[in-house]
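See below for the structure under consideration.
Nothing in this text is a laboratory measurement; each read-out follows from the coordinates by a stated rule. Computed from a predicted structure; not experimentally measured. Reconstructed Cβ throughout: ideal geometry from the backbone, glycine too, with neighbour counts over all protein chains shown.
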Ligand SMILES: C[S@@+](CC[C@H](N)C(=O)[O-])C[C@H]1O[C@@H](n2cnc3c(N)ncnc32)[C@H](O)[C@@H]1O
């Protein structure tokens, strides 16, 4: 595998800090299992391979109803890391530091549709519904879809506590039924798009979004910036031991052939169950995004830096932006 300087632990620190994760290493505990150790200086850590082996040994084979009927986008396979991660995670999710910018993000989204309250909005990979709920509070009709039952359950609870009518449905963004229905589609904070295990699946999500949009409809999403791993330098990570977020990274590499980040995450769910997950996320360079969206009949594709809670068309994308903000308008 062709890798970047992210194999250097100092870069790993900086990377995880930007993502809101605390860097850690796995070390054996007394029972011969694995325990987390916050000190990166300690020796004798497990390798990525041993984490992988552990994961494969523990992952269950799961088949959804759709797959059993042969209708799904996937055939029989193991549960993916993003399914495991968001299982029983509805409560913990809302404490993550990267979900704290909802109001500012919705201000930007509203401005993009000219505050037109008649707009119908689809939130793909809505999670616990933070954007769906904020937009519904502002008077918009919103449909939120997600793969995770646990996050959807939390979204429904929050909407009902606030007396909001929002349609939250369990759906896979790779196989959506919507055709020319929405004025706006949002997919924020890696809501589905770059998380899929193949580039074809990620493209299928964009294709489904394009189909679901009305003519002149807008797609607004944030995704991982492929320029970041190419250009980021080795520096300033010393405060990386600060605890941020719930998940902890235990290894990281970036494959220049596939533009995929591979990392092992240690996470504890709402019930205190500990999980170790082997994650795989695709970074896209801006030109790829433009090309993919143009092939799907989007007439304009504008790409900016994405700052938490402060989306702006004035934020020129740079190599320092970990995420990019994309605004595309359909023909
Ligand atoms: C990082 S969360 C982002 C959630 C939300 N958009 C936010 O901003 O808080 C990614 C979400 O994408 C969902 N997801 C992943 N793959 C999906 C798929 N194929 N279809 C629908 N949702 C998916 C996950 O369950 C998770 O809720």
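Do you know which residues across the range 174-192 are touching a helix residue (DSSP H, G or I) at 6+ places or on another chain (Cβ under 8 Å) and either closer than 10 Å to residue 122 by Cβ or more than 10 Å from the ligand (Cβ to nearest atom) (or both)? Even if it seems obvious, please write down each step before you answer.
Our first condition is that a residue be touching a helix residue (DSSP H, G or I) at 6+ places or on another chain (Cβ under 8 Å); within the range 174-192, this holds for 174-176, 178-182, 184-189, 192.
Listed by number, the residues that qualify are 176, 178, 179, 180, 181, 182, 184, 185, 186, 187.
Can you go through 144, 114, 127, 139 and tell me which one is within 12 Å of the ligand (Cβ to nearest atom) and in a loop (DSSP other than H, G, I, E, B)? Full working, then the answer.
Values: 144 fails: in a loop (DSSP other than H, G, I, E, B); 114 fails: within 12 Å of the ligand (Cβ to nearest atom); 139 fails: within 12 Å of the ligand (Cβ to nearest atom).
It is 127.
Residue check: is residue 202 more than 9 Å from the ligand (Cβ to nearest atom), touching a strand residue (DSSP E or B) at 6+ places or on another chain (Cβ under 7 Å) and part of a loop (DSSP other than H, G, I, E, B)?
Considered against the rule, which asks whether it is more than 9 Å from the ligand (Cβ to nearest atom), touching a strand residue (DSSP E or B) at 6+ places or on another chain (Cβ under 7 Å) and part of a loop (DSSP other than H, G, I, E, B), residue 202 comes out as no.
Just a yes or no: is a residue in the range 162-171 touching a residue at least 60 places away in the same chain (Cβ under 8 Å) and within 9 Å of the ligand (Cβ to nearest atom)?
Pass one, the range 162-171, residues touching a residue at least 60 places away in the same chain (Cβ under 8 Å): none.
Scanning the range 162-171 turns up no residue that is touching a residue at least 60 places away in the same chain (Cβ under 8 Å) and within 9 Å of the ligand (Cβ to nearest atom).
Of the numbered conditions (1) touching a helix residue (DSSP H, G or I) at 6+ places or on another chain (Cβ under 8 Å); (2) surrounded by fewer than 16 Cβ atoms within 10 Å (Cβ to Cβ); (3) over 15 Å from residue 132 (Cα atoms), residue 169 fails exactly one; give the number of that condition.
For residue 169, the failing item is (3).
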